[in-house]
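Enquirer: Please read through the structure below; I'll follow up with questions.
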Amino acid sequence: MAASRRVFVITGPSGAGKGTLIRELVERVPELEVAVSATTRAQRPGEEDGREYWFLTEAEFVERIAAGDFLEHVEYVLGKRYGSLQSELDRIAGHGRVCVLELELEGAERVEREIPGAVTIFIAAEVPELERRLKERATESTGEIGERIQLARRQLEQAHLFRYMVRNDDVRRATEVLVSIVETELEIAATMVDA
Ligand code: 5GP
């Protein structure tokens, strides 16, 4: 399998620090590029359309489902939709880079089934730490934080479904582990191409 067809899927509960770890990871491994998902959730302060997400209305999202534009899509917290766009995977492959997707668990499992070269990595953190990060971020309402924390408890029990698990109790250490997993997998993919 060509290295550029490899896909890394970073999954785990809200507040586990996936976004921070992905930023560190792509800085350290230049052949990676993050796919921008589409969502119907509200744009948070500081977010830009086309950078964190493509922010779509419900009608636009449904239209794109009908057009077959999504590799996978889900309804998540409070019925908001999230989906990975096939066009993002094509764009990244066009740059000769390897795609990184940040997905909740259901989407991660689906991508693992659909793309044989997908490598899934679950980012875990202790519940009190998740709660602290979500409250610190304070971008969601109290009700939504509660829903995300309840969901996180259930999600932590599903870490075993994924290829790797990285505990994010310390960002520096977790980054090192993540980088070494990704570099090892890229090396394996390159060896398979050469063979
Ligand atoms: P947030 O609203 O905090 O940005 O994201 C909520 C959750 O949606 C996160 O766990 C994130 O990984 C997940 N997510 C973001 N984009 C996608 C996507 O395209 N598909 C799926 N299945 N999950 C996504």
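Rule-based calculations on the coordinates, nothing more; no lab input. Given the structure is predicted, the values throughout are model-derived calculations rather than measurements. Please note: Cβ atoms are built from the backbone with ideal geometry, for glycine as well, and neighbour counts cover all protein chains shown.
Enquirer: Restricting region 9-51 to residues that are within 16 Å of Glu88 (Cβ to Cβ) and of a type in the set (Ser, Thr, Tyr), which is nearest to the ligand (Cβ to nearest atom)?
Expert: Ser37
Enquirer: Among the residues in region 99-110, are any of a type outside the set (Gly, Ala, Ser) and over 14 Å from the mean Cα position of the chain (by Cα)?
Expert: There is no residue in region 99-110 that is of a type outside the set (Gly, Ala, Ser) and over 14 Å from the mean Cα position of the chain (by Cα).
Enquirer: For region 169-184, does any single residue satisfy the condition of being closer than 19 Å to Ile121 by Cβ and touching a Pro at 6+ places or on another chain (Cβ under 9 Å)?
Expert: no
Enquirer: With Gly96, Gly19 as the choices, which residue is closer than 23 Å to Thr175 by Cα, of a type in the set (Gly, Ala, Ser) and either out of contact with any helix residue (DSSP H, G or I) (no Cβ under 7 Å at 6 or more places or on another chain) or surrounded by fewer than 17 Cβ atoms within 10 Å (Cβ to Cβ) (or both)?
Expert: After applying the criteria, what remains is Gly19.
Enquirer: What's the total number of residues in region 52-107 that are more than 8 Å from the ligand (Cβ to nearest atom), of a type outside the set (A, V, I, L, M, F, W, C) and more than 17 Å from Phe8 (Cα to Cα)?
Expert: 10
Enquirer: Mind checking whether some residue in region 145-161 is in a strand (DSSP E or B) and under 30 Å from Met192 (Cα atoms)?
Expert: No, region 145-161 has no match at all.
Enquirer: In region 117-139, which residues are touching a residue at least 12 places away in the same chain (Cβ under 8 Å) and within 19 Å of Arg41 (Cβ to Cβ)?
Expert: If the condition is that a residue be touching a residue at least 12 places away in the same chain (Cβ under 8 Å) and within 19 Å of Arg41 (Cβ to Cβ), then Leu130, Arg133, Leu134, Arg137, Thr139 are the ones that fit.
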